[in-house]
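The values are calculated or read from the model by the stated rules, or taken from the named source; none is laboratory data. Just so it is clear, the structure is predicted and the values come from calculations on it, not from any experiment. Quick reminder, even Gly has a Cβ in these numbers, built from the backbone with ideal geometry, and neighbours come from all protein chains shown.
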């Protein structure tokens, strides 16, 4: 097997100023039973407090409901314009709701907006039934997705978060599903709405319901644009908050806070800590073409190589120039090639320690060339004048 090609590049410093460390992680605590501050780009945990304790999430549950809906939109299983007939089961949900009636019709987009803005339990169940057929089948999808995301302290029994002793998760697990959801930028179209009216009811007896966002941070914290609140008597006050500044997006999760105001105040404390002390360095985008790789016996002779996903690395401010990037790439591949085949890696190290890695993959599929095409190519190459 041919040896791999190694290319090591010292990254230039992205920022020239050294910022003072105003806070240290061991100097802060929050008034919450469980808490996590996570960098959305890298998944790094910047702060944790009883992060893996199993607690009740209340309506923060709906992050998973919306995530599954967004993934179904992406794969074409549903569309935003789908007409959903509201079942008696969905309309009968208690707690926070937009008061839909049985047999009225809403689009998927209206339901998603009602879930994200108004935390509608009725809209959550209507979405679940539209996607999976029944609420129970949708809950199975929720738990399956949780397992795929590595949410080890989570069990869902419903798509809305009304209290059930067997319905629980942890601050860390909420951060994991929140990180996955924020990859779907469309959700911010809804999570940043402060107030909006929606018509509910059946034709001839429509009424107007004013949806008001329960996440006060979107109006009072710089860069805040989501994500979900939740509260019940058992869960107390919970929040998964996200904010973006510059190249960095942070996720702050608070569970079982004593009051609503405390969850917002403590999330601001965590977000301030993260934005003050850290910076997110973009190493590679999944849209970048890193190289072109020779394809043996293919209809096309080479293929673009791209990162399989965006790669960002979190560093303390002032340490951006200490990163080293190593590109490992196969010298060639042989057709047939499928889009997304792994052909290498980008590895990022700081002081010898690996701090980031992403697969390099093929940008398109390339079929194997037929015998006639290969023969023509050999003859053409043989007849072509040699290059000096």
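When segment 186-221 is limited to residues that are more than 20 Å from residue 99 (Cα to Cα) and out of contact with any helix residue (DSSP H, G or I) (no Cβ under 9 Å at 6 or more places or on another chain), the one that is surrounded by the most Cβ atoms within 10 Å (Cβ to Cβ) turns out to be 188. Of all residues being part of a loop (DSSP other than H, G, I, E, B) and touching a residue at least 60 places away in the same chain (Cβ under 8 Å) in segment 324-367, which is farthest from residue 308 (Cα to Cα)? Just the residue, please. If we take residues in segment 324-367 being part of a loop (DSSP other than H, G, I, E, B) and touching a residue at least 60 places away in the same chain (Cβ under 8 Å), then 367 is farthest from residue 308 (Cα to Cα).
Output yes when any residue across segment 34-42 is part of a loop (DSSP other than H, G, I, E, B), within 26 Å of the chain's Cα centre (by Cα) and at pLDDT 95 or above, and no when none is. Within segment 34-42, one or more residues are part of a loop (DSSP other than H, G, I, E, B), within 26 Å of the chain's Cα centre (by Cα) and at pLDDT 95 or above.
Restricting attention to segment 91-145, and to residues there that are within 24 Å of the chain's Cα centre (by Cα) and part of a loop (DSSP other than H, G, I, E, B), which single residue is surrounded by the most Cβ atoms within 10 Å (Cβ to Cβ)? Full working, then the answer.
Here is the first cut: in segment 91-145, the ones within 24 Å of the chain's Cα centre (by Cα) are 107-121, 123-132, 135, 137-145.
Subset that is part of a loop (DSSP other than H, G, I, E, B): 119-120.
Working: 119: 28, 120: 32.
Among those residues, the one meeting the criterion is 120.
Residue 175 satisfies every condition listed in (1) surrounded by 14 or more Cβ atoms within 10 Å (Cβ to Cβ); (2) in a strand (DSSP E or B); (3) out of contact with any helix residue (DSSP H, G or I) (no Cβ under 8 Å at 6 or more places or on another chain) except (2). The single condition among (1) surrounded by fewer than 23 Cβ atoms within 10 Å (Cβ to Cβ); (2) more than 20 Å from the chain's Cα centre (by Cα); (3) within 16 Å of residue 159 (Cα to Cα) that residue 70 does not satisfy is (2).
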